[in-house]
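> Right, I'll just put the structure down here and ask away after.
The values are calculated or read from the model by the stated rules, or taken from the named source; none is laboratory data. Computed from a predicted model, the values in this text were never measured in an experiment. Here Cβ is always computed from backbone atoms with ideal geometry, including for glycine, and neighbour counts include all displayed protein chains.
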Amino acid sequence: MTAAIPTIALVGNPNAGKSSLFNALTGARQKIANYPGVTVERKAGHASFADGRPMSLVDLPGSYSLTPASPDEAVTRDVVLGRQAGERRPDALVVVVDAANLDNHLCFALELIALGLPTVVALNMLDLAERDGLTLDPAILSRELGVPVVPTVAVRKRGLTDLLAAVDGAILSHQTQATVQSAPPPSDAALHQRARAIARAATLSENPVRRWTQRVDAVLLHPVAGFLILLALMFVMFQGVYAWSEAPIGWIEGGVGALQGAVDIALPDGFLRGLIIEGILGGVGSVIVFLPQILILFLFILLLEATGYMTRAAFLMDGIMAKVGLSGRGFIPLLSSFACAVPGIMATRAIPDAKDRLTTILIAPLMTCSARLPVYTLIIGAFIPNTNVGGSPVGLQGLVLFGLYLSGIVGALVVALVLRRTVAKGTAAGFMMEMPRYQWPRLRDVGIALWQRAWIFLRRAGTIIFVTTIALWLLLSYPKVPTDSSESQVDYSVAGRIASGLEVVVAPIGFNHDIALALIPAMAAREVAVSALATANAIEAGDDEEAMAQSLSERLQGRWSIATALAFLAWFVFAPQCISTIAITRRETNGWKWPLFMVGYLFALAYAAAGITYWTAVAFGLG
Amino acid sequence: MNPKLDSAQLGVAVRISRIDWDRMSHDEGRRLREFGLMEGIEVTPLHRGSLFSRDPLALAIGRMQVIIRARQAAMIEVAPTAP
Ligand SMILES: Nc1nc2c(ncn2[C@@H]2O[C@H](COP(=O)(O)OP(=O)(O)OP(=O)(O)O)[C@@H](O)[C@H]2O)c(=O)[nH]1
Ligand SMILES: [Mg+2]
């Protein structure tokens, strides 16, 4: 047993800084954000003691006690009590507590210490305690708790060496003294009383709570002003996605174009040149140009998460969420679904009520994820004039984008309302959540998280989008159209003929052959719709110099009516075109029932929405 | 009848005199206690509702701020703190 690598678990209240500590000790890049319930899974990593002996460190979801209220907290209980299937019980616990909120955090700490495992308390966020005018004595705390207490500032990597040394010592001394006292668990009230008494004893001096954060909240949580500020923030976010991305998009487009030119000169006409120029550079390149927009969107979301505003947004949204049978708690996973529905659906594990959680999972794909941005941007860029609304600084394109996001949100709320009265019926969900203190975003953390997102996006482009685009290029290029035929290559190809079949189904809602062609590969990932249009377009253009010189959006303008373009946008607000989302829904709901239900209702909605949009637009003479 | 937390004045500290544990679900009651909402504790209601709703309610308990729904706050009786 001594030869085995010891397993050490990080446990504690939500938002105490467990993941920050885990990252600092292991060099991992677990998600860190300033709201409770960020970590929803057990995550292991490697670290080593000062003398180089290895240890396995486990980061756990935050919890208030060993009695779980939500699926993520159940994981913590199972790991700590050694009930997790296939997992040994940890050899030691590091209980992470927020130094500025000992009254509350010591309750769980006391419960954990009573388990009798070797335990060390990390007195974390000491810097924030100082900011709040608290002076604490770790020695007194240690004496009262009966375990070593090490002051740490996880985000500045302070106190890590001492922490590991204390863990080492605790494991060693535990092996020599084998007495484990087991008293009956105290009542909640007794536990709290004891926690408060210890906190008071360890507090040397205390200034009244600083008031500036309360003044900020007086504005940001104001019933009317706060709500308007939330709306304004989201609005600025979507304007920013356009306004600030123009230049970098130009650079990437220029780069891709230059590469295409170079390949055109370097390679002889043939299979390889076509594949690279039309398939790879044309297809994948058309998706990569959206990287700047996606990063701007992520930057906004990361800043909201890091400052602690997310919980305030949940507070403001709770009234509306309650009306459709959800809770403000669900707003956080939904807002992260703006980035991507997959982590959004994972984050629902922090929702206590099962029906509330199921509903939130089912509507998460309606939040406009970043994969839709390329589709929206391409179509908006081609069909919505780049002007300002009535002389104001508000751009029309940004406004339309905002409208599309809003349609997704409103759609989600309406669907939730229906689901909560039908398939996910249940008692009204509650909403109890801790509100974190405000913090300045840490540039480094934001930078790393942005880089991670950029990497994930590029990897997607290099794998799933790359493969689907090449497959599509092959299906579009063969069989070759006979020279005497009047049909175009695209119509003549395998893919073209399949699309003609689908076109029959989607023609009533205004979709043409181009769209029918793009829809099937876009099942893999939404961005593929863009690369598919680009590839088909490049093949169609062939060696026609004039057509080649036209941009994709110029070509679309010539081929689609505005009504068709609007219908296409409406379709993408709802259509569940993402394999990963379907897979994660299956995993999180333990079966195929709900993912199939989700796909079914979303396609039905998409068809109806596109149809209504098309017919309305035609009625207004835009057909 | 004693005043309840859901109608308590914002910004004024009050002491919890009684909580109607029987009217709430087991889990609800436990989470309230985990937040430290118990008889004898001092809390300050800080913010209430947004736009068209009186829900939720943000409270300060010691150095912590928590959000609960008005429905739960209505089960918490409060009394003025001793001067
Ligand atoms: N000032 C300061 N901030 C910290 C410290 N440790 C963590 N934080 C911040 O506290 C917030 C929460 O940190 P996390 O590491 O995500 O907390 P966690 O305990 O893993 O939270 P859950 O996964 O939700 O249980 C983040 O905004 C961190 O940047 C610290 O020592 N000092
Ligand atoms: Mg965490």
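> Being closer than 30 Å to A:Asp132 by Cβ, more than 16 Å from ligand 2 (Cβ to nearest atom) and of a type outside the set (D, E, K, R) is the filter here, so list the residues in segment A:422-463 that pass it.
Answer for segment A:422-463, where residues must be closer than 30 Å to A:Asp132 by Cβ, more than 16 Å from ligand 2 (Cβ to nearest atom) and of a type outside the set (D, E, K, R): A:Gly430, A:Phe431, A:Met432, A:Met435, A:Tyr438, A:Trp440, A:Pro441, A:Leu443, A:Val446, A:Gly447, A:Leu450.
> Which ones in segment A:274-324 are modelled with pLDDT of 90 or more, in contact with a Gly (Cβ under 7 Å, 6 or more places away or on another chain) and small (Gly, Ala, Ser)?
A:Ala314 - this is the single residue of segment A:274-324 that is modelled with pLDDT of 90 or more, in contact with a Gly (Cβ under 7 Å, 6 or more places away or on another chain) and small (Gly, Ala, Ser).
> While we're looking at this one, here's another question. So which residues in segment A:184-226 are touching a residue at least 12 places away in the same chain (Cβ under 8 Å), within 35 Å of the chain's Cα centre (by Cα) and more than 11 Å from chain B (Cβ to nearest Cβ), if there are any at all?
Selection gives A:Val216 alone.
> Does A:Ser48 satisfy being away from ligand 1 (no atom under 14 Å from the Cβ), buried (at least 18 other Cβ atoms within 10 Å of the Cβ), hydroxyl-bearing (Ser, Thr, Tyr) and more than 27 Å from A:Ala354 (Cα to Cα)?
no
> Now, a different point. Might you let me know whether segment A:66-82 holds any residue that is within 14 Å of ligand 1 (Cβ to nearest atom), of a type in the set (Gly, Ala, Ser), out of contact with any Gly (no Cβ under 9 Å at 6 or more places or on another chain) and in contact (Cβ under 8 Å) with a residue 60 or more places away in the chain?
yes
> Among the residues that make up segment A:568-587, is at least one of them more than 27 Å from A:Phe457 (Cα to Cα) and outside any helix (DSSP H, G or I)?
Within segment A:568-587 (the criterion being more than 27 Å from A:Phe457 (Cα to Cα) and outside any helix (DSSP H, G or I)), the answer is no, since none of the residues qualifies.
> Right, another one. Among the residues of segment A:1-31 satisfying the criterion of being within 12 Å of ligand 1 (Cβ to nearest atom) and hydroxyl-bearing (Ser, Thr, Tyr), which is nearest to A:Met346 (Cα to Cα)?
Of everything passing the filter in segment A:1-31, A:Ser19 is nearest to A:Met346 (Cα to Cα).
> A follow-up question, please. Just to confirm my filter: which strands (runs of 3 or more DSSP E) fall fully inside chain B and include at least 1 residues that are more than 10 Å from every other protein chain (Cβ to nearest Cβ) and more than 23 Å from A:Ala109 (Cα to Cα)?
Of the strands (runs of 3 or more DSSP E) lying wholly inside chain B, those with at least 1 residues that are more than 10 Å from every other protein chain (Cβ to nearest Cβ) and more than 23 Å from A:Ala109 (Cα to Cα) span B:14-19, B:42-50, B:76-80.
> For segment A:406-440, how many residues meet the condition of being away from every other protein chain (no Cβ under 14 Å), buried (at least 20 other Cβ atoms within 10 Å of the Cβ) and of a type outside the set (A, V, I, L, M)?
Qualifying residue count, segment A:406-440: 2.
> With respect to the numbered conditions (1) surrounded by fewer than 24 Cβ atoms within 10 Å (Cβ to Cβ); (2) more than 11 Å from chain B (Cβ to nearest Cβ); (3) closer than 27 Å to A:Pro223 by Cα, which one is the sole condition not fulfilled by A:Ile320?
So the condition that A:Ile320 fails would be (2).
> Is there any pair with a first residue in segment A:263-274 that is more than 15 Å from A:Trp473 (Cβ to Cβ) and a second that is assigned to a helix (DSSP H, G or I) and not aliphatic (A, V, I, L, M) whose Cβ atoms are under 9 Å apart and which are 6 or more apart or on different chains, and what are they?
Listed pairs, sorted by first residue: A:Asp264/A:Arg273; A:Ala266/A:Arg273; A:Leu267/A:Arg273.
> What number of residues within segment A:100-131 are on the phi > 0 side of the Ramachandran plot and either within 14 Å of another protein chain (Cβ to nearest Cβ) or outside any loop (DSSP other than H, G, I, E, B) (or both)?
1
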